[in-house]
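First up is the structure itself, then whatever we jot down about it.
The values are calculated or read from the model by the stated rules, or taken from the named source; none is laboratory data. Just so it is clear, the model here is predicted, and its values are computed rather than measured. Every residue, glycine among them, receives a Cβ derived from its backbone with ideal geometry; neighbour counts consider all protein chains shown.
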Amino acid sequence: QDLEAAAHEPHPAAHPGYTRGGLPPLDNNDDRLVGSTRRSLVPPIILDYAARLKRRCLEGLGTERFKMARRSLIATMEANNEPDSVRSRMVDVLGLEWIGFLSMLDQLVHLEQRWGSIVIS
């Protein structure tokens, strides 16, 4: 009878907050996770991907244009502008010749917002 009852109960992993070893789940948005602690939570593949994106942007845009475009993209996104207005603003900043870098810049900003500024600093 106990086996029959157990068969109808959900697996412990189905419960919210379940982790192996009984430790609480990590919250990567926790402000207490800073510096090397937070960096150690960033998967190596994310660090590698961010480094490659940044390198490509720096090689194509140069340091000053990269920094200016990144700051402008962040400010435009924080203003909750529509995607068309973000692109339009970035055309003004980058010019049509370099607007192709917008996709890579957008990915870098997303990674920074998700994993913290340590990813691309």
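Quick notes on this one:
- Here Leu61 fulfils each of the conditions (1) over 12 Å from Leu102 (Cα atoms); (2) crowded, with 17+ Cβ neighbours inside 10 Å apart from (1).
- Of the numbered criteria (1) in contact with a helix residue (DSSP H, G or I) (Cβ under 9 Å, 6 or more places away or on another chain); (2) loosely packed, with under 14 Cβ neighbours inside 10 Å; (3) not in a helix (DSSP H, G or I), the one Ala51 fails is (3).
- Of all the listed residues (Thr37, Thr19, Thr76), the sole one being touching a Leu at 6+ places or on another chain (Cβ under 9 Å), modelled with pLDDT under 95 and surrounded by 10 or more Cβ atoms within 10 Å (Cβ to Cβ) is Thr19.
- Under the condition of being within 21 Å of the chain's Cα centre (by Cα), assigned to a helix (DSSP H, G or I) and not hydrophobic (A, V, I, L, M, F, W, C), the residues counted in segment 64-112 number 14.
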